[in-house]
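Colleague: There's a structure below that I have some questions on.
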Amino acid sequence: MSTRTNNPELSQSKILASAQTLFIEKGFDGTSMSAIAKHSGVTQSMIHHYFGSKEALWQAVKKLSYDEYLAYQQSLLDLDEGDIATFTEQSIQSRFRFFQDNPQTARLMSWLQIQEDPSGMETGQEIGRQLLNKIRQAQEAGELRDDVAPENILAMSIALTTHWFQSRHVIENLTGIRPEERETADSAYLDAILKVFLDGLRHM
């Protein structure tokens, strides 16, 4: 049954939370406005009033999911302190910890990849361009190997962190990792990324 509230901020928050849950579970195409209304306990007309359309609500969910992560990545770029190895390590760690704390965002990224939907991600794309420039500069300065294209280095650093949270259940099934051991397994995987990937970037 739908409920009514006179608190617009609370209503929007409930709608966003429900939309995020359902979009992550079923994707954009598999989620209807009626399902979001039922889950959030509001009317469809209220959803249209606040967000206009399912597409606009989808964009709002993406923004909600990424803002904190993108803000932190931009803060690392703005500091611009230390060598490229230190920066890369901090960037990988921050991305990994973000997805560790927000596994639902990793699942949302899977849906974005399936749909090939970059809309509303302009801030992330700008950060990506800045990262590419930083990688190129480090290669020109001899800090990173230059026989790997910058875009491939960036793609690998993203894939190594996000894919773990998209496919961790496969490793858990293979190795018998229990839920209470998950944090230890996460840390071991992060250590492996930093050892293998960063060492590979430095040496020919």
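The values are calculated or read from the model by the stated rules, or taken from the named source; none is laboratory data. On a predicted model such as this, the values are computed, not experimentally measured, just so you know. Backbone-built Cβ (ideal geometry, glycine too); neighbour counts: all protein chains shown. Heavy atoms of the whole protein, side chains included, go into the accessibility calculation; ligands, DNA and RNA do not. Shrake-Rupley method; radii C 1.70, N 1.55, O 1.52, S 1.80 Å.
Colleague: Among the residues of segment 120-171, write down those that are closer than 21 Å to Tyr72 by Cα and part of a loop (DSSP other than H, G, I, E, B).
Modeller: Within segment 120-171, Gly120, Met121 qualify.
Colleague: Which pairs have Cβ atoms under 8 Å, sit 6 or more apart or on different chains, and link a residue in segment 116-140 that is at pLDDT 80 or above to one that is open to solvent by 80 Å² or more (accessible area, probe 1.4 Å) and part of a helix (DSSP H, G or I)?
Modeller: Going by the 8 Å Cβ cut-off, the qualifying pairs are Leu132/Glu151.
Colleague: Of the residues Ala106, Ala185, which is surrounded by 13 or more Cβ atoms within 10 Å (Cβ to Cβ), assigned to a helix (DSSP H, G or I) and over 18 Å from the mean Cα position of the chain (by Cα)? Quick ask: steps written out before the conclusion?
Modeller: Numbers: Ala106 fails: over 18 Å from the mean Cα position of the chain (by Cα).
Answer to the check: Ala185.
Colleague: If you don't mind, there's one more thing I want to ask. For Leu174, work out the one condition from (1) of a type outside the set (S, T, N, Q); (2) within 24 Å of Tyr189 (Cα to Cα); (3) in contact with an Asp or Glu (Cβ under 8 Å, 6 or more places away or on another chain); (4) open to solvent by 80 Å² or more (accessible area, probe 1.4 Å) it doesn't fulfil.
Modeller: (3)
Colleague: Suppose the filter is touching a helix residue (DSSP H, G or I) at 6+ places or on another chain (Cβ under 8 Å), open to solvent by 40 Å² or more (accessible area, probe 1.4 Å) and within 20 Å of Tyr69 (Cβ to Cβ); does Gln125 pass it?
Modeller: No.
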